[in-house]
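The values are calculated or read from the model by the stated rules, or taken from the named source; none is laboratory data. Because the structure is a prediction, the values reported are computed rather than measured. Please note: Cβ atoms are built from the backbone with ideal geometry, for glycine as well, and neighbour counts cover all protein chains shown.
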Amino acid sequence: MKKILAIVFVAALILSLAACGSSAKKEKPVETLTVAHKGDPTSLCHLTVTFGSANGPVDCFLYDRLLDYNAEKNDVEPMLATKWEYIDDTHIKFTLREDVVAHDGSPFTASDVIYTLKTGQDSGKLANYYGNFDLDGCEVIDKYTVIIATKKVDPFVLYNLSNIPLGMVVEAAVTNSGDITVQDQKPDAGTGPYKLVEWVAGSTIKFARNEKYWGEKPYYDFVEIRIITDASSRVMNLESGTVDVALDPATAQVVLLEDNKDFQIINYPTTNLTTLYFNCTKEPFNDVKVRQAIALALDYESNLEVAASGYGSTSDSFLPKNSSAYVAPDGSYVNYFHYDVEAAKAKLAESSYPNGFSFELLYMEGATFQAYAELIQNQLGAIGITVTPVPTASTAFYELLSAGNYEAEIVNSSNPDPSIQLKYFDHRVGFADVRGGTGWQGPAELDTLIDQANSVLDTETRKTIYAQISAIINENCPAIPLYSPTKVCLADADISGIRLTEFNDIDLSKAYRVS
Amino acid sequence: MSEKVLEVKNLIVHYETQDGVAEAVNDVSFSISAGETLGLVGETGAGKTTIALTIMGLLPKPAGCVISGEVLIDGRNITETSRNRAKQRKNDRMMRRLRGNDVSMIFQDPMSALNPVMRVGDQISEVIRLHSSASRAVATQKAMEMMELVGIPGVRFKDYPHEFSGGMKQRIVIAMALACNPRVLIADEPTTALDVTIQAQVLELMNDLKRQFNTSLLMITHDLGVVAEMCDKCAVIYAGQMVEHGTVEHIFNNAQHPYTQALFSALPSLDKDVDRLKSISGLMSDPMDLPPYCTFYERCDARCHRCMELDPPLTESEPGHFVKCVHFMKDNGAPSPKEGAAAAEASL
Amino acid sequence: MFKYIIKRLLWMIPVVLGVLSIVFILSEITSGDPVDAIVGYDAPIEVREAKREELGLNDPVAVRFISYIVKVVTRGDLGESYATGRPVLDELLARFPNTLILTFASVIVALIIAIPLGLLSAVKQYSVIDNASMAFALFGVSIPQFWFALLTLLLFSVKLRWLPASGIDRLAGWVLPVAMVGIANVGNIARTARSSMLEVVRQDYIRTARAKGQKEIIVVVVHGLRNALIPVIANVGNTIGVSLGGAIIAESIFSISGVGQYMLLAINQRNWPSIQGGIVLLALAFSVTMLVMDLLYTAIDPRLRAEFKAKNKIRAKKNSDGEAA
């Protein structure tokens, strides 16, 4: 027994010495960024699947877009494209980098841009992102110049092109591997800063640095994404040092780490908006005074503090303050999106329901939504309206919304493109098309204004249109903006370079450690 | 008579339960010499099994405790307890060595006395291996011999208990009990659970083996017939006390205690023609609440005023014959049982 | 015995069919369009309809049921997940080993703790040990698993930093989940072991073993335990069966990619092929577990074995009688 122990001891000693020796030789130790993520992506290639909420933070390691999104400036920057210019309202010419290769080594050229757009459109699953491209109008000028055409004028096409679902793939790489569905699990057609090493479904996704990357080489040698479905568990993984970054933490837990110097709280303003929508096709919400009374009865600032621990901002428009199309009320109309109980009571007294009424408030299960539902219940109770909060599982929730089968609902929409947000207020769009909305029949001029806003390219002109739309919506209150949540994630204090994508996802592909 | 193999001296055993203290055995003394058989007779609940378990050191813990008295096996006191843990462990170890080796026991119900999930051969060889340094093979050989000895083919060594009839099981239990050639064998109603025909066979077997091994036997029974057939001496137990003690001849030919007499009159007799058997009226005294006087008083046909005045000691009424009754106390001037009965009747 | 096993295995077919038909009926009466999960909510109507047609969702439920069964039987094809488009069988087989490891490791941990605890409690009934271990057992049964899991994570991972909070590619990553599920199961098993053992230690054969001069520990463990084991095995069988369905809480808190999480997600997404495939797998796993437990009974108790043989003999006799007639 003693002999065995001695042998084991000596062996351990030698091994540890060897380990020390080898690590001493290298200049920079191999570093892995470990990320706690809420779920498996539906695929590692965005082109053939519905873009799920778990896909974004994963895809940005693998794919580059033509343009990159700069969240601080709320603008686009060069990425695979170095230059672009509008030929006319629906045609844009892009000049591409010439030193880009896919993970398998195939070079990225102009035809790959059109291939990507065509594949995305053909899949039929990404209509919001690919639906408006006019493939026949697109044209390869030379190996590194391409013209992209849109069917209708699209003021947000550049933003769209910087979006993660618009990640570019190289056709030759796809063909070499078989077809596009192979990329779902073994992607090598992207040009992104990391390559896939291994994906153990439901467990981990491992990336290694793309040594042939055209841009600045990423800091971390490896990235390991761990699928941890439980939000509290993700935070504990961070606290225990098991992971370096925890995505989508529960705000209640984030607050607990506010004073902890070992960790930083990434808190980026977003274009997300959590909104209370009324079904204006139903009583009593077809009465504008009822809607106005409710808008006045909510204590926006305090609710944000209580329900979301202050991680967010309130808004007085149908768009979040962070949206490029946001216009603040200029005093030319009455702003109902502020807290005034007396005014609310007075409004309700004028309405056809002076003695109050009761309704069911539908929301998707979740701590913040629940807190909001309860606060609304409380505050509307003060003016004599009885609210029954109805928490609902996500699938059932969207089924009810699509069927228009609700009185009022709370939903968080992440639509950086204001034209999509506007669909909720457009009576020409059905409940099923936008999954919910207001069903509200606004004044006739609204339809015209919406069409204009979606087709005018000039930013200033568009702003004036948005101001008019904002005024109409604010006065009629078919929906009430509750708050715009910030994108929160937790990370070790020494990690920098955590970015926000156009779709309000966290992009860790350029993260690095500050020593 | 030869040396005393088993001696029980002034044994008092109580069961201490939540409802109170049951005085199960009250001042019982007896002894058995080598090769001798003592019958312990009494009705259910009289404390016979408690005496047996005390001798085996198997009183249910923690309820059963030896209050005073001694049990000597080959002169070694086994009832000693110690507060010192090490000492107590030593006592326990000694007791374990005695059990199965020097003193072993046959239990009442052969159906449940064997482990149902163990081969019978293993159950017999277990005791052999425990008390000797025999190897597995030797122990197996010995176990098969023991099986043959009690009339069961050795090849059935590998069978399980459920594959045997009740009588055969009891034979196996006997084989197990005698496997280590114990000095004392305690048989607690060994035939009660068996058919009458099998009973005779088993008793005969026990008698044979006892003689063969020169084992002393403590036969616990409520069957006076078994006593007549098997025993040299007999002790009658009532409410944890020994009320009469003597040779089988003493008890059968000259039963003196009213309880013993009542037991005999409750037996069917071939000579006399009676329509109904006589039963002993009333119930045995509650061991939780024993009277300070004669415990049989309530049911005694021969009771008199003196009986309530004191708890009579065991008195030698003739050489080797002891009786615990007021009427047999010396120099007390009390009337004999028959006179007492007459007097009692007269007083009514 | 061989015949019996074959028969039991054949019995699984109706079990699986029965369970499957319930799932199909449920899929019929549950609202929700699986096409949403496949093509997305914003897909045009034509795309959705084409997909419905392709998947046969427009067929009556009976037709779908039969074609599903035919596919399963003839090709072992459990269909493709609506969510990922990958074969359900592959997805399940990738996750099943984790569930198996978690199940068996935790049951072993539970047994290692529960059996001695149960025995000790029974042997020292009403003692301090008994009360303490039964309090522990009660704690294991009644504690909310979710809370307990988070607490263990907080203590051993966050505060003490002894063990990683996730990552089952290393052995250390298994420690917390296995211990957590194991301890949650201790209560049940220990209580069964105790009550069963209490009955056994009162039996005459235990007294017989003591009368042989056998050591108390051997009396309890060798003579007592085996007799007390049958109810324990029944309990363990159930525990394994349930755990195979996925220790959903442990899987989600400790980030183990197992069948439980997979099914949970599938149910949320109305991903019927994944749900059906999972159900088939679980029904089979449960049936096999029960069969193994039944075989274990007969291994432990010769009386059951005898009964079993006797039945077979009677049946054989009946059969031959029938032929004669």
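Miscellaneous remarks
- Test: residue in region B:181-198 that is among the β-branched types (Val, Ile, Thr), surrounded by fewer than 24 Cβ atoms within 10 Å (Cβ to Cβ) and without any contact (Cβ under 8 Å) to a residue 12 or more places away in the chain: yes
- Region B:130-150, residues that are without any contact (Cβ under 8 Å) to a residue 24 or more places away in the chain and either surrounded by 19 or more Cβ atoms within 10 Å (Cβ to Cβ) or under 22 Å from residue B:210 (Cα atoms) (or both): B:139, B:140, B:141, B:144, B:145, B:148
For every residue, the table says whether it meets (1) within 14 Å of chain B (Cβ to nearest Cβ); (2) hydroxyl-bearing (Ser, Thr, Tyr); (3) surrounded by fewer than 19 Cβ atoms within 10 Å (Cβ to Cβ).
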position: C:264; (1), (2), (3): no, no, yes
position: C:268; (1), (2), (3): no, no, yes
position: C:273; (1), (2), (3): no, no, no
position: C:281; (1), (2), (3): no, no, no
position: C:297; (1), (2), (3): yes, yes, yes
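- In region A:394-445, residue nearest to residue C:47 (Cα to Cα) [restricted to those that are within 12 Å of chain C (Cβ to nearest Cβ) and of a type in the set (Asp, Glu)]: A:433
- Those strands (runs of 3 or more DSSP E) lying entirely in region A:230-292 with at least 2 residues of a type in the set (S, T, N, Q): A:263-268, A:272-278
- Flag for residue A:403 being aliphatic (A, V, I, L, M) and touching a residue at least 60 places away in the same chain (Cβ under 8 Å): no
- Residue within region A:497-505 that is surrounded by 19 or more Cβ atoms within 10 Å (Cβ to Cβ) and assigned to a strand (DSSP E or B) present: yes
- Qualifying residue in region B:106-117 (condition: more than 29 Å from the chain's Cα centre (by Cα), closer than 25 Å to residue B:216 by Cα and crowded, with 17+ Cβ neighbours inside 10 Å): no
- Just one of the listed residues (C:228, C:184, C:209) is crowded, with 24+ Cβ neighbours inside 10 Å and more than 14 Å from chain B (Cβ to nearest Cβ), and it is C:184.
- When region C:52-61 is filtered for residues that are in a helix (DSSP H, G or I) and exposed (fewer than 13 other Cβ atoms within 10 Å of the Cβ), the ones remaining, listed by number, are C:53, C:54.
- Failed item in (1) more than 9 Å from chain C (Cβ to nearest Cβ); (2) assigned to a strand (DSSP E or B), with residue B:86 passing the rest: (2)
- When restricted to residues that are surrounded by 13 or more Cβ atoms within 10 Å (Cβ to Cβ), more than 22 Å from residue A:437 (Cα to Cα), out of contact with any helix residue (DSSP H, G or I) (no Cβ under 8 Å at 6 or more places or on another chain) and of a type outside the set (Gly, Ala, Ser), region A:330-372 contains 0.
- Subset tally (residues that are surrounded by 14 or more Cβ atoms within 10 Å (Cβ to Cβ) and either more than 14 Å from chain A (Cβ to nearest Cβ) or among the small types (Gly, Ala, Ser) (or both)) for region C:62-101: 13
- Residues located in region C:126-172, provided they are at the interface with another protein chain (Cβ under 9 Å from one of its Cβ atoms), within 17 Å of residue C:257 (Cβ to Cβ) and either small (Gly, Ala, Ser) or surrounded by fewer than 18 Cβ atoms within 10 Å (Cβ to Cβ) (or both): C:149, C:165, C:166, C:167, C:169
- Scanning region B:92-101 for residues that are surrounded by 18 or more Cβ atoms within 10 Å (Cβ to Cβ) and either more than 9 Å from chain C (Cβ to nearest Cβ) or among the small types (Gly, Ala, Ser) (or both) returns a single hit, B:100.
- Beta carbons closer than 7 Å, at least 6 apart along the sequence or on distinct chains, pair a first residue in region A:250-268 that is surrounded by 15 or more Cβ atoms within 10 Å (Cβ to Cβ) and at pLDDT below 90 with a second that is among the small types (Gly, Ala, Ser) and outside any loop (DSSP other than H, G, I, E, B) for A:250/A:231; A:250/A:232; A:250/A:367; A:251/A:308; A:252/A:367; A:253/A:232.
- Residues of region A:81-95 that are β-branched (Val, Ile, Thr) and closer than 14 Å to residue A:133 by Cβ: A:90, A:92.
- When the residues of region A:170-202 are filtered to those that are of a type in the set (S, T, N, Q), surrounded by fewer than 24 Cβ atoms within 10 Å (Cβ to Cβ) and within 14 Å of chain C (Cβ to nearest Cβ), the one that is nearest to residue A:59 (Cα to Cα) is A:185.
So that you can scan it fast, the table gives a plain yes or no per residue for (1) more than 25 Å from the chain's Cα centre (by Cα); (2) of a type outside the set (Val, Ile, Thr):
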| position | (1), (2) |
| --- | --- |
| A:214 | yes, yes |
| A:236 | no, yes |
| A:251 | no, no |
| A:257 | no, yes |
| A:286 | yes, yes |
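- Residues located in region B:142-169, provided they are of a type outside the set (D, E, K, R), in a helix (DSSP H, G or I) and within 12 Å of another protein chain (Cβ to nearest Cβ): B:161, B:162
- Any hit, region A:262-277, residues being of a type outside the set (A, V, I, L, M), closer than 21 Å to residue A:505 by Cα and within 14 Å of another protein chain (Cβ to nearest Cβ): yes
- Number of the condition not met by residue B:124 [criteria: (1) outside any helix (DSSP H, G or I); (2) in contact with a helix residue (DSSP H, G or I) (Cβ under 7 Å, 6 or more places away or on another chain)]: (1)
- Any hit, region A:212-221, residues being touching a residue at least 12 places away in the same chain (Cβ under 8 Å) and within 13 Å of another protein chain (Cβ to nearest Cβ): no
- All told, residue C:243 meets the bar of being in a helix (DSSP H, G or I) and either free of Cβ contacts under 8 Å to residues at least 24 places away in the same chain or among the small types (Gly, Ala, Ser) (or both).
- Filtered residues of region B:119-136 (kept if under 24 Å from residue B:93 (Cβ atoms), of a type in the set (A, V, I, L, M) and more than 7 Å from chain C (Cβ to nearest Cβ)): B:124, B:128, B:134
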